[in-house]
Each structure stands twice: as C-alpha cells, then as structure tokens.
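The values are calculated or read from the model by the stated rules, or taken from the named source; none is laboratory data. The model shown is predicted, which means the values in this text are computed figures rather than measured ones. As a convention, Cβ positions derive from the backbone with ideal geometry for all residues, glycine included, and neighbour counts pool all protein chains shown.
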Amino acid sequence: MTEHSPSLRSFSGGDAEAAVVVLHGGREWSTAAVASHQLAYLRMVPFAKDIARRGDGVAVYLLKNRYRGWNPPHEHPVQDAKWALEQVRQRHGDIPVVLVGHSMGGRVALRVAGAPGVVGVCLLAPWIKNEPVEQLAGRAVLIAHGDRDRTTDPRASFRFAERARAVTDRVARFDVAGAGHGMLRKAPAWTRLTTSFALGALGTKPLDPVITNAWRQPAPDGLRVPM
C-alpha cells in the first residue's frame with residue numbers, strides 16, 4: 001500500500017478564537033489516494049466557504065484524508081481526523097472546535113467527538129454503524145438526512161439520535177424531504193443549517209431557533225424535524 005499524507009485546506013486567515021474542521025465522505029474499502037477533484041471532497045467545499053464567510057474569528061479547515069476508504073481495522077480517516085485536531089491545537093491553542101462531517105466523514109466525526117476542545121458535531125447524511133454515544137456527553141449534536149438517501153440509512157441516524165439523547169440534551173435531527181445522499185436537492189438549506197449550527201455551537205453567532213426548539217422537543221418530534 002502506497003503511503004500518503006493527510007492535508008488541511010484553510011478557508012480563513014488571521015487569529016482565531018474557535019475552529020471548524022470539515023470531514024468529507026469516502027468508501028468502506030479503498031487505499032487509493034484522495035484527490036481534490038473527487039466529488040466526496042468537492043461537495044464539502046461550499047460548506048467550508050460559507051462557514052468561513054460568516055464566521056468572524058473562526059478558523060475553518062477542510063481535511064483531505066490519505067485514503068478514500070475507512071479500511072477496517074485501520075480506520076485511516078479516524079487517524080487523519082485526530083491528526084487534524086492536533087494541527088488545529090498547535091496552530092491556535094486550546095480553542096473550541098466543531099466537526100462537520102458528511103457520510104463517512106460523519107462517522108469519523110463521531111469517533112473523534114470526545115477529543116478535548118470538541119464542543120459540537122454536525123452529521124450530514126452520516127454513515128452510522130454501531131457507533132457509541134458516550135463520547136458525545138456535553139456536546140451539541142445536529143443530524144440532517146435526506147429521506148431518499150440510498151447510500152446511508154436515515155433510519156439508522158434516527159435510532160442513533162435517540163440513543164445520543166441519553167448522554168446530551170442537545171440533539172436535533174432534521175429530515176430533508178426529497179433529498180438523496182449528495183445533498184444537491186435543497187443545497188442552500190443544507191448549507192444554512194450547517195453554518196448556523198456550527199457558529200451557534202461555538203458561541204460566535206446566535207443559534208437558529210429552529211435548532212434550539214428541536215433540542216427542547218421530546219422524541220420523536222425533535223428528531224424528525226422537516227427541513
């Protein structure tokens with residue numbers, strides 16, 4: 001297997017009081033290198049750009065993994081995300097961090113959510129497979145899933161959200177009607193929700209009342225909010 005290195009693309013400059021790390025999707029198995037022109041990587045660029053544009057004093061990074069696959073038992077993207085969080089700490093010190101992950105990137109975000117400094121995770125069409133919830137204690141959690149997703153299972157993310165509410169009272173999940181895995185349908189709504197959550201969880205902007213209301217609603221209402 002050819003060795004590759006992860007990299008971080010920065011979308012912001014200057015001093016930062018908080019950070020967002022964006023995590024792209026991938027495959028269950030592949031040791032091919034991730035390329036910047038691949039769709040899994042490119043579809044996260046608009047999210048990073050929007051957060052950076054609206055988030056004064058927020059450092060925004062998009063991680064490019066070494067390999068396209070999860071590759072059990074190595075779980076290469078989890079290793080890469082840990083590296084990215086350490087890079088953020090070295091560059092900016094001990095600042096609060098929100099993780100934004102799509103598909104496999106959502107699964108990665110869950111695996112590293114317990115790291116010091118992480119205050120929230122935003123999971124977009126996440127790949128959920130027997131994930132623990134204990135690491136989410138004290139974190140803010142937002143999940144958005146298209147009801148026509150055939151790549152990752154919306155039912156799995158709903159069940160996960162139910163379990164996560166046992167360890168944190170800030171869990172909201174949104175159903176995106178008519179949307180598939182690529183987040184192309186209602187793309188502006190996906191972006192607005194993600195940016196609002198990320199900056200709100202960091203405390204740099206007020207949280208959208210739609211999110212805070214969902215947190216307060218009992219299941220299943222707060223976990224099946226239409227978007």
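Values as computed for the structure displayed
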quantity	calculated
Odd one out for Leu199 among (1) in contact (Cβ under 8 Å) with a residue 60 or more places away in the chain; (2) out of contact with any Lys or Arg (no Cβ under 6 Å at 6 or more places or on another chain)	(2)
Subset of the range 40-65 (residues that are in a loop (DSSP other than H, G, I, E, B) and surrounded by 22 or more Cβ atoms within 10 Å (Cβ to Cβ))	Met44, Gly55, Asn65
Condition check for Arg173: of a type in the set (Lys, Arg) and at pLDDT below 95	no
Helices (runs of 4 or more DSSP H) wholly inside the range 128-227 containing at least 3 residues that are out of contact with any helix residue (DSSP H, G or I) (no Cβ under 7 Å at 6 or more places or on another chain) and surrounded by 18 or more Cβ atoms within 10 Å (Cβ to Cβ)	154-164, 187-202
Failed item in (1) touching a residue at least 60 places away in the same chain (Cβ under 8 Å); (2) basic (Lys, Arg); (3) touching a strand residue (DSSP E or B) at 6+ places or on another chain (Cβ under 7 Å), with Lys205 passing the rest	(3)
Residues being in contact with a helix residue (DSSP H, G or I) (Cβ under 7 Å, 6 or more places away or on another chain), of a type in the set (A, V, I, L, M) and not in a strand (DSSP E or B) - total across the range 75-122	8
